[in-house]
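*Asks:* Below is a structure I'd like to ask you about.
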Amino acid sequence: MRLVVLGAGAIGSLLGGMLSEAGSDVILVGRLPHVKAIQSKGLHIDGVSGRRTIRVTAREKLSAVGDQVDIVLCTVKAYDTRQAAIDAKPLIGKECLFLCIQNGLNVENEAVEILGANNVARGVTNNGALFVKPGYIKHTGLSDTIIGCPSERWRNRLEKLTNALNAAGLPAKITNDIQEVVWSKVLINVGINAIGAITHLRNGELLRDASLKALMRSAVQEGLKVAQKLGIHFFEDVVDKTFKVAEATALNKNSMLQDVEKGKRTEIEFINGAIGRTGEKLGIATPINNTLTALVKGLESRRTS
């Protein structure tokens, strides 16, 4: 099975690198400084899964990988999904599946509009990764990767992928209810990411302040009302899970905070912003998520000021 990781930043490089190390045929597609470093000296991974240097194929352009690809693992930022799908379109169809392993609500819909629902799958990874410098990433948290199967047509191929991930030391499984998994991850991000980005606090530090912890709770509860209105059912207390994730990743700077610190665009519109837009359609007030979205957008505006 031949895999292409499209958007080989921190999480994409982690998944692709460890899959390659375990014997999968992987090509990373990413930005030039990172790609050049990998081509020259290999991909360096350090952290909870150990320290190693992996020789893995890396390219700057998707057009350079050829046309024999089984799965494109899309790990770009949510706002780049549409362009990623356009770039991958020549590959997708009878023989190749487009798998979105990304943060945010409805991000796969961006790809579906380009590629069709039968050719797009959605997944979620709870692994943590940090881009340290070109050619070097840190594995900050080991957790599971869960993939939804869009139809029986792709089940065998996705089973091969989850088997490969497990063989690489990255726990993975297929689910028939990916939306519950997606919403659970989004609600955790709703409670952590924007507040961390605004305050510049690490995940664990948010829990040490009673007022911020209360804000986290309220933001998640708003999102939970929206999810329940849509018929999404959860098998555990999502607020409690948010606090547990923040505690388990206490030293981490969340991805939105990292983006703000680097002066980059964030995924706020696909997280808190998506809660606000969906709530408005359903007649559910989401003032806290709307406020958090506006504040993060204000931070983003400094990129062009």
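*Asks:* Only residues that are free of Cβ contacts under 8 Å to residues at least 12 places away in the same chain and not in a loop (DSSP other than H, G, I, E, B): list them for segment 252-286, please.
*Replies:* Hits for segment 252-286 are ARG277, GLU280, LYS281.
*Asks:* Still on this structure: Look through segment 228-266, keep the residues that are in contact with a Phe, Trp or Tyr (Cβ under 8 Å, 6 or more places away or on another chain) and farther than 23 Å from LEU207 by Cβ, and return whichever of them is surrounded by the most Cβ atoms within 10 Å (Cβ to Cβ).
*Replies:* Looking at the filtered set, the residue picked out is ILE232.
*Asks:* Hey, can you tell me all the residues within segment 201-251 that are farther than 28 Å from LYS138 by Cβ, assigned to a loop (DSSP other than H, G, I, E, B), under 21 Å from the mean Cα position of the chain (by Cα) and aliphatic (A, V, I, L, M)?
*Replies:* Across segment 201-251, the qualifying residue is only ILE232.
*Asks:* A further question on this structure: For segment 29-77, what are the residues that are over 20 Å from the mean Cα position of the chain (by Cα), closer than 24 Å to LYS94 by Cβ and assigned to a loop (DSSP other than H, G, I, E, B)?
*Replies:* Correct list: LYS61, VAL65, GLY66, ASP67, GLN68, VAL69, ASP70.
*Asks:* Hey, any hits in segment 93-107 for a residue that's basic (Lys, Arg) and over 15 Å from the mean Cα position of the chain (by Cα)?
*Replies:* We begin by selecting, within segment 93-107, every residue basic (Lys, Arg); these are 94.
Narrowing the set further to residues that are over 15 Å from the mean Cα position of the chain (by Cα) leaves 94.
Yes: segment 93-107 contains one or more residues that are basic (Lys, Arg) and over 15 Å from the mean Cα position of the chain (by Cα).
Quick note: the coordinates plus some simple rules give every number you see, no bench work behind them. Remember, predicted model here, so these are calculated numbers, not experimental data. We place every Cβ from the backbone using ideal geometry, glycine too, and count neighbours over all the protein chains shown.
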